[in-house]
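Report on the structure given below.
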Amino acid sequence: MERDSTSIAVKVEHARRVGILLQRLGWLVAVLGVIGVASYSVLWATGEIDADQGVSLILGTALAVVLSGATSYGAGTNLGLGAERLDLAAREASGTASSPPSPERDHG
């Protein structure tokens, strides 16, 4: 039984770290996307690219950033929540789960 709980604890910790990494990757994609949109806007404003190219590059970059950044961030959040659920289930199974706080303690 001890081996199983240790294995679960290791997997939960790994899932938490990967979840944080994926969330940071989502933010990194968002930052790079903002830089890309700003760069295309500067090129459009200086006349290096025409209006059709500028609009298509900016919209394409924005859509790609939203899709890839949100996917990465959402996957990281989902992984973190799954790790928390697994941790709670493992604690409950081993009998070390604390009881949930009562409403009187939270509001009183």
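Some values worked out for this structure:
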read-out: Close pairs from region 50-66: first among the polar types (S, T, N, Q), partner assigned to a helix (DSSP H, G or I), Cβ under 8 Å, at least 6 apart; value: Q53/W44; T61/G33; T61/G36; T61/V37; T61/Y40
read-out: Residues within region 1-47 that are of a type outside the set (K, R) and farther than 30 Å from A93 by Cβ, tallied; value: 23
read-out: So E92, is it part of a helix (DSSP H, G or I) and either touching a Cys at 6+ places or on another chain (Cβ under 9 Å) or surrounded by fewer than 13 Cβ atoms within 10 Å (Cβ to Cβ) (or both); value: yes
read-out: Every residue from region 55-79 that is over 8 Å from G26 (Cβ atoms) and crowded, with 18+ Cβ neighbours inside 10 Å; value: L57, I58, T61, V65, L79
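Here is a yes/no grid of residues against (1) among the acidic types (D, E); (2) part of a helix (DSSP H, G or I); (3) at pLDDT 90 or above:
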| site | (1), (2), (3) |
| --- | --- |
| R3 | no, yes, no |
| S7 | no, yes, no |
| V29 | no, yes, yes |
| S39 | no, yes, yes |
| W44 | no, yes, yes |
| L67 | no, yes, yes |
| L81 | no, yes, yes |
| D106 | yes, yes, no |
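The values are calculated or read from the model by the stated rules, or taken from the named source; none is laboratory data. Just so it is clear, the model here is predicted, and its values are computed rather than measured. Cβ sites come from the backbone with ideal geometry, for glycine too, and all protein chains shown count toward neighbours.
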